[in-house]
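Here's the structure, in structure tokens; my notes come after.
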Amino acid sequence: MWGGRFEGGPSAVMRVINASIPFDKALWRQDIAGSKAHVAMLAKQGIVSAEDAQTISDGLDAVAADYARDGVPELLDLEDIHMVTERALADKIGPAAGRLHTARSRNDQVATDFRLWVREAIDEIDAGLAALIDALIARAEEHADSVMPGFTHLQSAQPVTLGHHLMAYHDMVARDRGRFADARARMNRCPLGAAALAGTGFPIDREATAAALGFDSPTTNSLDSVSDRDFALEYLTAAAQCALHLSRLAEEFVIWASQPFGFVSLSDQWSTGSSIMPQKRNPDAAELVRGHAGRVIGCMTSLMVTMKGLPLAYSKDMQDDKPPVFEAHDLIGLAIAAMTGMVESATFRTDRMRGLAESGFATATDLADWLVREAGLPFREAHHVTGRAVKLAEDRSVRLHELPLADLREIDERFDESVFGVLSVDASVASRQSLGGTSPVRVREAIARARAARGEE
Ligand code: ARG
């Protein structure tokens, strides 16, 4: 395709290192769409004849049909999807194929194809995340009143509801969707027409190709257009952040599924057994979601390091942009689907959660708050008094509400019978009605808001 000034061919290793067709063949649909938009514009502008444009466009459809049926041939000598397709077109329609590449370079071509691909990838991810959100909302609603221990430092801290805990992940995933949406809005500009780097002398209509390919507008600077991979990086950073959130939920499932916790039993569909230990039921899916997050972060790092320090405009390093994006997309897609399945099918052991919430002195803060509210103690003093009550209960291996009033009064005489009203875990969660708090009333409001937001999409 570019052999005019060469006498010798590439070395065997060069053929391999230079070729991107083994992976960029994934862009064939985008490449055909971009070429069809380009040639239609060339005809409209009188740069190629209407007849040639029709022949080329029909030929591209025929090539697409071949690809759909047989796959894309991995012709290493032709380097990439752009050249492989142009050759396939030439085989079909002859010399007219050579007119397609007028006023275009592979540099703006690949930038356009890849944006189209990432845009679709974002739409796929968004659909997956919407399903995960629906699963979280449904399970949260089911468990709006289910008490569990809330943790800090993985130590029992204060009772919360499982619904509240699941809605925390709803909020994270909703922000993830926002990040993907922001990236999509920013990347939806068309680089086609930037040509190799400087634009072109042909009277092209960039608005027309941008519109034909569903972009909001053309990009504004030809050098930036062929050098910019922000769109891929924004996709990867959004994917890394999302994978990170999924890995936190996955880790909680791993912990919750362990025997000492016993908060959750993952369904057979999302567990595996052991080939040697018959009793085993392992949370492999959750562990893989946790593991995949590391790989997605690796993909993001990979492209950042590729792009770092590259001078304008195109350099072949940028051909390495695609594998990490393709890999991250496969990984995050699987992680979202697996997490959704786990959330939908998990059996939450609410009796076990409640039991642990009741046994970890999780209502100690409520006791201190009672001393502030009912006996007028400064919070610091109330904290100290409560600490003594906890110590006493711990020494006797009883729960806080099992301490007799007489013993509490020995610690501080301002205690009275009404203190027992705040020591139950239900009273504790019910009282936390501050905005965003764990009270079932608030959790139900959050669920209603989340459902309304989904309804408005
Ligand atoms: N396969 C190349 C890539 O993915 C296409 C652009 C090649 N341009 C060039 N001047 N060598 O980056």
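The values are calculated or read from the model by the stated rules, or taken from the named source; none is laboratory data. Computed from a predicted structure; not experimentally measured. Here the Cβ is made from the backbone with ideal geometry for all residues, glycine too, and neighbour counts use every protein chain on show. To get the accessible areas, we keep the full protein, side chains included, count just its heavy atoms, and leave off ligands, DNA and RNA. Shrake-Rupley method; radii C 1.70, N 1.55, O 1.52, S 1.80 Å.
Summed over region 175-213, residues that are within 27 Å of Ala127 (Cα to Cα), of a type in the set (A, V, I, L, M, F, W, C) and surrounded by fewer than 17 Cβ atoms within 10 Å (Cβ to Cβ) total 3.
The requirement of being acidic (Asp, Glu) and crowded, with 21+ Cβ neighbours inside 10 Å is not satisfied by Asp216.
Over 21 Å from Met172 (Cα atoms), within 16 Å of the ligand (Cβ to nearest atom) and acidic (Asp, Glu), is that true of Glu358? No; evaluated as a whole, the condition is false for this residue.
Residue-by-condition table, conditions (1) in contact (Cβ under 8 Å) with a residue 24 or more places away in the chain; (2) within 16 Å of the ligand (Cβ to nearest atom); (3) part of a helix (DSSP H, G or I); (4) over 30 Å from Asp369 (Cα atoms):
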{"site": "Leu116", "(1), (2), (3), (4)": "yes, yes, yes, yes"}
{"site": "Arg119", "(1), (2), (3), (4)": "yes, no, yes, yes"}
{"site": "Ala127", "(1), (2), (3), (4)": "no, no, yes, yes"}
{"site": "Ile137", "(1), (2), (3), (4)": "yes, no, yes, yes"}
{"site": "Asp145", "(1), (2), (3), (4)": "yes, no, no, no"}
{"site": "Phe151", "(1), (2), (3), (4)": "no, no, no, no"}
{"site": "Gln158", "(1), (2), (3), (4)": "yes, no, no, no"}
{"site": "Ala168", "(1), (2), (3), (4)": "no, no, yes, no"}
{"site": "Val173", "(1), (2), (3), (4)": "yes, no, yes, yes"}
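For region 359-374, how many residues are open to solvent by less than 30 Å² (accessible area, probe 1.4 Å) and in a helix (DSSP H, G or I)?
Going through region 359-374, the residues open to solvent by less than 30 Å² (accessible area, probe 1.4 Å) turn out to be 360, 362-364, 366-368, 370-371.
Applying the additional criterion that residues be in a helix (DSSP H, G or I) yields 364, 366-368, 370-371.
Qualifying residue count, region 359-374: 6.
If you go through region 3-36 and pick out every residue that is more than 31 Å from the chain's Cα centre (by Cα) and under 29 Å from Arg189 (Cα atoms), you end up with 2. Among the residues of region 335-358, the ones that are open to solvent by 20 Å² or more (accessible area, probe 1.4 Å), touching a residue at least 60 places away in the same chain (Cβ under 8 Å) and in a helix (DSSP H, G or I) come to 8 in all. With the structure loaded, tell me whether Arg349 is of a type outside the set (Gly, Ala, Ser) and under 18 Å from His164 (Cβ atoms) or whether it fails that test. Criteria met by Arg349. Just so you know, in region 302-357 the residues that are of a type in the set (Lys, Arg) and out of contact with any Asp or Glu (no Cβ under 6 Å at 6 or more places or on another chain) include one that is nearest to Glu141 (Cα to Cα), and it is Arg349. Counting residues in region 282-300 that are surrounded by 15 or more Cβ atoms within 10 Å (Cβ to Cβ) and over 22 Å from the mean Cα position of the chain (by Cα) gives one or more. Would you call Gly8 without any contact (Cβ under 8 Å) to a residue 12 or more places away in the chain and more than 14 Å from the ligand (Cβ to nearest atom)? In short, yes. Cβ-Cβ contacts under 6 Å between residues 6 or more apart (or on different chains), taken from a first residue in region 312-329 that is in contact (Cβ under 8 Å) with a residue 40 or more places away in the chain to a second residue that is more than 7 Å from the ligand (Cβ to nearest atom) and not in a helix (DSSP H, G or I), are listed as Ala313/Leu197; Asp321/Arg229.
Scanning region 104-152 for residues that are among the small types (Gly, Ala, Ser) and open to solvent by 40 Å² or more (accessible area, probe 1.4 Å), which turns out farthest from His164 (Cα to Cα)? I'd like the intermediate steps shown before the answer.
First, pick out the residues of region 104-152 that are among the small types (Gly, Ala, Ser): 105, 111, 121, 127-128, 130-131, 135, 138, 140, 144, 146, 150.
Restricting the remaining residues to those that are open to solvent by 40 Å² or more (accessible area, probe 1.4 Å) gives 127, 131, 138.
Working: Ala127: 24, Ala131: 19, Ala138: 12 Å.
Looking at the filtered set, the residue picked out is Ala127.
Condition check for Ile81 on (1) surrounded by 15 or more Cβ atoms within 10 Å (Cβ to Cβ); (2) within 21 Å of Phe202 (Cβ to Cβ): one failure, at (2).
Of all the criteria given as (1) open to solvent by 70 Å² or more (accessible area, probe 1.4 Å); (2) farther than 30 Å from Thr102 by Cβ, the one not satisfied by Thr306 is (1).
Among residues of region 306-346 being over 30 Å from Gly163 (Cβ atoms) and among the aliphatic types (A, V, I, L, M), the one that is nearest to the ligand (Cβ to nearest atom) is Met318.
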